[in-house]
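Engineer: My questions all concern the structure below.
Just so it is clear, none of the values below were taken in a lab; they were calculated from the coordinates. In this text the structure is predicted, and so the values were computed from the model without any measurement. Don't worry about glycine lacking a Cβ; one is built from the backbone with ideal geometry, like all the others, and counts go over all protein chains shown.
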Amino acid sequence: MNAVAASHLALTVIMWLLRGDIRTQIAQQHPRFSPAELDDAASIATTSGVAFHLILAVVYAFLAARLPRGFRLAIAAQVAGIVFSLVSWRSSPTFHPVIPILDVVQLATIVMLVRARRSAPEADRRRGSTPPRGADRHKRDP
């Protein structure tokens, strides 16, 4: 999960460094835009993309910290990341080399999470179920 968070952080840097390419792509898609309009559109695209990936990085880092309790949320976030990558794929060819790699990492994360979840009860049975801390204490009336 931390690898996915790190990849989103890396994407923010890449987007910022390639903002000139983003401007060029917008100019090709919208040849009637003035230079000022192109600058504004590129700024909006870069800023929103960076903000989006920073938010995802924070979400994934949070999920990595809370994974034992947030299994369903972690799976949902991975699936959402894959869906959002499809939107990114359609919006700009600049990131076409990166998106499939990120999607593979997210799919691998889903598989690892599901396998870990399925194997956890078996591991507990093999080593003997341990009661939660404090479960062996009984309340006594004063």
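Engineer: May I have the convex hull volume per residue, in Å³, for the Cα set of region 2-127?
Structural biologist: Spelled out: Cα convex hull of region 2-127, divided by residues, is 89 Å³.
Engineer: What FRET efficiency comes out for the pair residue 37/residue 101, r = Cβ-Cβ distance, R0 = 25 Å, nearest 0.05?
Structural biologist: 0.15
Engineer: Note down the nm distance, to one decimal, between modelled labels 7 Å out along Cα→Cβ at residue 117 and at residue 71.
Structural biologist: 0.6
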